[in-house]
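All remarks here apply to the structure that follows.
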Protein chains: 2
Amino acid sequence: MSEINKDSTEEKILHAAQTVFIQKGMDGARMQEIANEAKINKALLHYYFRNKQKLFEAIFSKVFNQIFPDIRSLIFSEKPFEERLGAFVERYIDLLLKNPFLPAFILKEINRDPDFLASLIKKQGINPEEILQMIEQEMEAETICRMDPRDLMINILGLSIFPFAARPLMQMMFFNNSKKEYNEFLIKRKESVKIFILNSILVNKKQMPGG
Amino acid sequence: MSEINKDSTEEKILHAAQTVFIQKGMDGARMQEIANEAKINKALLHYYFRNKQKLFEAIFSKVFNQIFPDIRSLIFSEKPFEERLGAFVERYIDLLLKNPFLPAFILKEINRDPDFLASLIKKQGINPEEILQMIEQEMEAETICRMDPRDLMINILGLSIFPFAARPLMQMMFFNNSKKEYNEFLIKRKESVKIFILNSILVNKKQMPGG
DNA sequence: GTTTGATTTAACCAACTGGTCAAAGTTAAG
DNA sequence: CTTAACTTTGACCAGTTGGTTAAATCAAAC
């Protein structure tokens, strides 16, 4: 049964570890707290994952891959660039709405241990090159303005991710610290970010909200 | 002399603490390491700042205020909006270029302890309301497109801050992990972000790079 | 029912961490 | 010089933390 019933303890540990690590980060998390959260003994934790580092790496890899999902398919579809970019932004913000603590967690940990990040990226098939090339092709075709495609990529990511990563500050400064209002704002942002970007880069076009 | 020569030990501690805290964060920093960095005894650390929390709060306040500098003056000058926004972006990115680790540090800590952030904002005279109003006036005057002014503010901040906060990831994905190339990219961004934003929001205008 | 291997537990440990304390050093004033 | 206040230090402590171990439990195979 060692293969069939893997759900039980190991799964429980992974789930608990994810909860605690995302909330507290590697430095702030305590093995005891993870054990409590999983309702098991601390020694059992070390039985399944030799040490904290190993457990953390398992969680981080899982979470990190989770955030580079099946986006490729919609980026490289046959639809016009405008639509593809819109779909990307919408899907990405949707992903973050479902996992609102991922951005802060990932930013924290990639700054703490960039080397592990490097090994992850290499191990995975992440290939930004082809995305950049695709963007450059669109510029050749003059559907979008000429600019450094890396600027565009980082703009798209920043506009999507930043409001989640900086949530406590933004919510407090601009939304009277109302959680509800900020959530509604984030949902509306799926549209407004799309418009903001397209307005800037589309040649000879100005989008209007709700258009 | 207790007032005149404040530079000596207390200053040394603050400087060391800032270095260590920004690098490791509250959880990752060790009092012993701060003491070493300041080349003093650990007990002396507790003599000047009763405990870690107090020392951390001193540093965080200092750093946090540092990042809301004299920007007000250029936001509310008499110049046209286009210029004021450009100046803001440029000055802000310049500020971050001089303190490239502040964004990651601040994002980390505001997510760890949002309550302390709240007390800081209230204690200080930070008033986002008037900035939002100013933006709304520009929309009334139809110099810029109509949109949620909070969206615009968060876009501006995100476009400026994100490349610093996510640096390890962005540098690795888009710049072959070349520190030098990424630095040059960040400098160019003072211009490209400005253009990107203005392109999006200015009514009836498309900026061209170098224009 | 006994053997065998995987799971689970309680008790324990060494290292680390924030923090304390009493004593010693330093400085300026009387 | 003496006093008194402020600085600085080394030694120490109690609590926490990641991690270990030996024994107990359990489930299936024989």
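Just so you know, all these numbers are worked out from the coordinates, no wet-lab data involved. The model shown is predicted, which means the values in this text are computed figures rather than measured ones. Every residue, glycine among them, receives a Cβ derived from its backbone with ideal geometry; neighbour counts consider all protein chains shown.
Computed from the alpha carbon atoms alone, the convex hull of the protein assembly as shown holds 177 Å³ per residue.
Residue by residue, the range A:191-199 carries 3J(HN,Hα) couplings of 7, 5, 5, 4, 4, 4, 5, 4, 3 Hz when phi is fed to the Karplus relation 6.51 cos²θ - 1.76 cosθ + 1.60 (θ = phi - 60°); x denotes Gly or Pro. Rounded to the nearest 10 degrees, the inclination of helix A:52-66 to the longest alpha-carbon principal axis of chain A is 30 degrees.
Put a label point 7 Å from Cα along the Cβ direction on residue B:119, then list its distances to the equivalent points in the other copies in nm, shortest first. Output for residue B:119: 4.0 nm, nearest copy listed first.
Taking the average, over residues, of other Cβ atoms within 10 Å as the packing measure, peptides A:166-178, B:45-57 rank A:166-178, B:45-57 from highest down. Our summary gives the range A:67-201 a relative contact order of 33 percent, counting only alpha carbon pairs under 8 angstrom and 6 or more residues apart.
Quick check of the Kirkwood formula: for the range B:7-59, what is the inverse mean of 1/r over all pairs of different Cα atoms, in Å? Computed over Cα pairs of the range B:7-59, the Kirkwood hydrodynamic radius comes out at 10.5 Å. Here the ratio of the Cα radius of gyration of the range A:56-113 to 2.2 N^0.38 Å is 1.31. Note on the protein assembly as shown: dipole from Cβ charges, positive end direction compared against A:117, A:132, A:203; the farthest Cα belongs to A:117.
Dipole size of the range A:67-201 about its Cα centre, with +1 on Lys/Arg Cβ and -1 on Asp/Glu Cβ: approximately 720 debye, rounded to the nearest 20. Counts of other chain beta carbons within 10 angstrom of each beta carbon in peptide B:80-91 average 0.
Sorted from nearest, the other copies put their residue A:44 label points 5.0 nm away, the label point being 7 Å from Cα in the direction of Cβ. With the Kirkwood sum run over all distinct C-alpha pairs, the range A:63-181 has a hydrodynamic radius of 16.1 Å. Projecting 7 Å from Cα along the Cα-to-Cβ direction, the label point of residue A:180 sits 5.6 nm from its equivalents in the other copies, listed shortest first.
Applying Stokes-Einstein at 20 °C and 1.002 mPa s to the Kirkwood radius of chain A, computed over alpha-carbon pairs, gives a translational diffusion coefficient of 110 µm² s⁻¹.
Straight-distance candidates among the lysines for linking to residue A:188, with alpha-carbon spacing under 20 Å and chain neighbours fewer than 8 residues away dropped: A:98, A:179, A:180, A:206. In order along the range A:28-43, the Karplus-derived 3J(HN,Hα) couplings, from 6.51 cos²θ - 1.76 cosθ + 1.60 at θ = phi - 60°, round to x, 6, 10, 4, 4, 5, 5, 4, 4, 4, 8, 6, 9, 7, 5, 5 Hz, and Gly and Pro are given as x.
Considering only B:144, A:21, B:65, and ranking their Cα positions along the charge dipole of the protein assembly as shown that arises from unit charges at the beta-carbon of Lys, Arg, Asp and Glu, the one farthest toward the positive end is A:21. Pull up the cross-link candidates among the aspartates and glutamates for residue B:42, meaning alpha carbon to alpha carbon under 20 Å and not fewer than 8 places away within one chain. Output for residue B:42: B:7, B:10, B:11, B:27, B:33, B:57. Sequence-ordered 3J(HN,Hα) estimates for the range A:73-82 from the Karplus curve with 6.51, -1.76 and 1.60 and θ = phi - 60° stand at 4, 7, 6, 10, 6, 8, 5, x, 3, 3 Hz, glycine and proline given as x.
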